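In what follows, a single structure is set out as structure tokens and then discussed.
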Amino acid sequence: MLAQLACLVLEKWGKRLTSFTSSDLDDRILQRVTPHVSRLLIMLGFYLAIRSLPLHERMVTLFSGALFVLLVYIVFNLIYNALDELLRWYIASRQDSSGALISRHMIPIAEKVAMLFLMGAALIIILKHFNYDIFSLVTALGIGSLAIGMAAKDTLAHMISGFTLMLDRPFHIGDRIKLAGGQVGDVIDIGLRSTKIQALDSTVMVIPNSDLCNSTVINMVRPTSITQGRITVGVGYGSDVERVKEVLLEIARANPEVVAEPLPQALFTAFGESALTMLLLFWVSDPARIGLVTDQLNCAIIRRFREEGIEIPFPIRTVIMEKAD
């Protein structure tokens, strides 16, 4: 009766209280824990009844011990369900377009970690209730954990780095990134041990997460996907530098894939051995198109320079040979 009354109170007043919040987290937790509250009250009633009945001491100890184990199981099962719902809500609240792939890895591992901690705590409470020496057990577990940790330190380092990448999220699924070694590719999967990146030649690089966490990674699409392109061209020393700049800017502005902001820039950067070095800076909205746009601009530059009579000189070397007397 008491268990049914408690469930009715939780269902009626609990739902009324949770309706005042904007989040559905409390509703989901209430739905998960209500059945366990009913079982908890039933087991608690049995436990108190056994302790109060005039039974033989050995019988009381046996039955009350069994009921205590059931009580601990129900309590920790209740806590696990609440934590599980909280973890699912937290991961879902941090999802974006790549969230489904991230939660596929995160939720099962987070559930297992929570279960291990709760099982350990429940075991310690039960052993302490039956007056077992838990110090030796904890010591043995500590030594065993140390041995396992030393044997699997690399795997654990990769897994911890995987959690770091999933929570910190320096890049998302689908982002184009540039690695410390200069490789460029698109992130296709973020796992617990490694991250898969599809390179521009369609090959897939599998990189340990610890390597990514300990190196510089450039995200080419965040906070903005606008990417800078550079074209260097040499013109003859007799060229009008200002006119060359105007021509380069006209070519960049005429390309529909070059964004208006930031503005393209044409710069005279150096005196070369046989040419004046000019630099054209431009920006495109899609990093994947930077190679194609560079090709289009290069073709337009050489065509326009020929029309304008702007010389692109070949490297020249003058060799003077002295005759021996």
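The values are calculated or read from the model by the stated rules, or taken from the named source; none is laboratory data. Keep in mind the model is a prediction, meaning the values are calculated, not measured. Cβ sites come from the backbone with ideal geometry, for glycine too, and all protein chains shown count toward neighbours.
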message: Restricting to segment 151-180, name every residue that is more than 23 Å from Arg289 (Cβ to Cβ), in a loop (DSSP other than H, G, I, E, B) and modelled with pLDDT of 75 or more.
response: Arg169, Pro170, Ala180
message: Can you find a residue that is more than 42 Å from the chain's Cα centre (by Cα), more than 26 Å from Asp201 (Cβ to Cβ) and loosely packed, with under 15 Cβ neighbours inside 10 Å anywhere in segment 258-266?
response: no
- prompt: Looking at Ala122, Ala114, which one is assigned to a helix (DSSP H, G or I), within 31 Å of the chain's Cα centre (by Cα), aliphatic (A, V, I, L, M) and at pLDDT 70 or above?
  reply: Ala114
statement: Scanning segment 174-185 residue by residue, the ones that are more than 16 Å from Pro208 (Cα to Cα) and surrounded by 18 or more Cβ atoms within 10 Å (Cβ to Cβ) total 2
- request: Could you tell me which of the residues Ile190, Ile197 is closer than 25 Å to Gly291 by Cα and surrounded by 17 or more Cβ atoms within 10 Å (Cβ to Cβ)?
  value: Ile197
task: Working only within segment 205-250, note down all residues that are among the acidic types (Asp, Glu) and over 26 Å from Asn298 (Cα atoms).
output: Asp211
statement: Flagged pairs (Cβ under 6 angstrom, 6 or more apart or on separate chains; first in segment 213-242, more than 18 Å from Ser274 (Cα to Cα); second charged (D, E, K, R) and not in a strand (DSSP E or B)) are Asn219/Asp175; Val221/Asp175
